[in-house]
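The values are calculated or read from the model by the stated rules, or taken from the named source; none is laboratory data. Here the structure is a predicted model, which is why all the values come from computation and not from measurement. No Cβ is skipped: glycine too gets one built from the backbone with ideal geometry, and neighbour counts run over all protein chains shown.
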Amino acid sequence: MVLENLKPKIVWEIFEIIAKTPRPSKHEERIREVIKDFILESGKSNNIDYQINQDSVGNILIRKPATRGMELAPSLMLQAHMDMVCETDRAEGFDFMESGIPLRIQDNKEWLDADGTTLGADDGIGVAFALAILIDPTIDAHGPIEVLLTVNEEDGFDGATLLDPLALDIMSKLMINLDGGLIGSIVVGSVCGRRVRFSKEFDRNVYQEDDGLEFFELSVYGLLSGHSGGDVHLPRANANKIMCRILSKASQEMKLYVCKWLGGTKANVIPAKSIAKFGINSKDQNLLEELIKKEITSIKDYYEKFEPNIKIEYKKSLPDNYFSIEDSQILISTAHLIPSGVLKMSHIYEGFVESSNNFAIVNTEKNDEIFWFYPRSIIRSELDSFCVSLQQLGLLGDWKVFLRPVLPEWLPNLESKFLKYVIKQYETLIKKPVITNIIHGGLETGMISTKISELQMVSFGPTIEGLHSPSERLKISDVGLIYNLIKLIIKELNEM
């Protein structure tokens, strides 16, 4: 076992079990059964009668009864999601449907990451915390404990959106979401967001030898990528936007016929790679190469300090079928006009990104989903306004625009008694003030609070960097601290 010498042993052992089990978004069936079997087997061994309920979408709730004399203590729910973002930078790819995560402890012994893939600490470590609390024999006095584990948080929030509190028989009015960080901070709010899709029927011209075209493939890759919400404020390049910058420049100087364009993988991931194939008139070949070289130099000069591994390459390619010049221009122009990154900083919360958009996916091989975007905002009306602008832009190019349901914002309630209690316990543990903050990433808390009335919530967790990218890593020393915090909250909950 890679993690056998790490402490707290109970948490790391569970995390390694989770990491070995494939759990892409929308495919949580294996991890769900592993968790159920694990808890039921633990119950038999320790003579604890766990109750496990499941709703129609696949969320599970595990309840551990209060210990004797603690039956009247408030019921506390620990919440995390079972799925993970599956990204790799391995040249040969990686089969997340069949393979466990290749865990490794970095040479500095301070961080855990994975060899060429996402780590899945988002939110595997949250699941591990929750399950460890359920089976930990050292927690000998506690009120009712519930663990809510949801499906498909990363690709649409289906678990939270379709959550059925009645089927799960949820009793708690206090909840700790274990999908937040950093150490010394408590998340008290998060943004709303919605996925937006652009679709369009593009006809392809069949290539003929007398068309007089030369074909090229342009690749942008090697970018840092990251979480489209949590990392949007960082100086990260978007591969799709770099691609449309170069294609737009070229299309101003010559006729450019797009054959295909593939970029990005998931709505909540900043694209690290984008590849486009296109044709030009043979007479424009020298002009194209001069233009591309100039753009590459300008882009690398700008990004070299914060995207050190950026690669932009082009090469001649075999002839292919291609879009008309009109359709190619609509595709490129629309892509170039879509804003991506920070849209506006907040006037209410100092230093916080109010609104953003991620130009997430381009896929010309699927007419029903050419573009995917993921706008977010802490202000619902600002999100709505930006989505209207996307719809209007779509009209100009005769695009069909589809809006997914809004994932609700979680607005801070700084007067929450539960929040004040958690702050007190946290400060007792770390011996210094704790800060509260809101995050630009979406959390399930907003949607869950619409399902369970009068729910008081906080979110915290260990330090995880590089979320949603192969550079994801988990700070090892934080894990014990957070686990001790959860145990302290449970132990002293009667104080509240």
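Is it the case, given these coordinates, that THR265 is of a type in the set (S, T, N, Q) and at pLDDT below 95? Spelling it out, THR265 is indeed of a type in the set (S, T, N, Q) and at pLDDT below 95. Regarding the range 336-352, can at least one residue be identified that is assigned to a helix (DSSP H, G or I), touching a residue at least 40 places away in the same chain (Cβ under 8 Å) and polar (S, T, N, Q)? No, the range 336-352 contains no residue that is assigned to a helix (DSSP H, G or I), touching a residue at least 40 places away in the same chain (Cβ under 8 Å) and polar (S, T, N, Q). Where strands (runs of 3 or more DSSP E) fall wholly inside the range 120-209, the ranges with 2 or more residues that are over 21 Å from LEU411 (Cβ atoms) and touching a residue at least 24 places away in the same chain (Cβ under 8 Å) are 145-150, 196-199. Residues that are β-branched (Val, Ile, Thr) and over 12 Å from ARG63 (Cα atoms) within the range 134-165 comprise THR138, ILE139, THR150, VAL151, THR161, listed in sequence order. Number of residues in the range 49-85 that are over 21 Å from SER449 (Cβ atoms) and in a strand (DSSP E or B): the value is 5.
Filter the range 461-496 for residues that are touching a Gly at 6+ places or on another chain (Cβ under 9 Å) and more than 20 Å from LEU182 (Cα to Cα); which is surrounded by the fewest Cβ atoms within 10 Å (Cβ to Cβ)? Taking the candidates together, the pick is ASN494. The condition of being surrounded by fewer than 18 Cβ atoms within 10 Å (Cβ to Cβ) and either under 21 Å from the mean Cα position of the chain (by Cα) or not assigned by TED's automatic domain parsing to the domain that holds SER75 (or both) does not hold for ASN358.
When each of ALA132, ALA128 is tested for being in contact with a Phe, Trp or Tyr (Cβ under 9 Å, 6 or more places away or on another chain), within 21 Å of SER25 (Cα to Cα) and crowded, with 20+ Cβ neighbours inside 10 Å, the lone residue that passes is ALA128. The residues of the range 86-119 that are assigned to a loop (DSSP other than H, G, I, E, B), out of contact with any His (no Cβ under 8 Å at 6 or more places or on another chain) and polar (S, T, N, Q), listed by number, are SER99, GLN106, ASN108.
Note on the range 268-303: residues that are assigned to a loop (DSSP other than H, G, I, E, B) and at pLDDT below 95 total 1. The strands (runs of 3 or more DSSP E) found entirely in the range 371-460 that carry 3 or more residues being surrounded by 18 or more Cβ atoms within 10 Å (Cβ to Cβ) and not aliphatic (A, V, I, L, M) are 371-377.
So, in the range 1-60, of the ones that are modelled with pLDDT of 95 or more and among the hydroxyl-bearing types (Ser, Thr, Tyr), which residue ends up nearest to GLU146 (Cα to Cα)? In this case the residue turns out to be TYR50.
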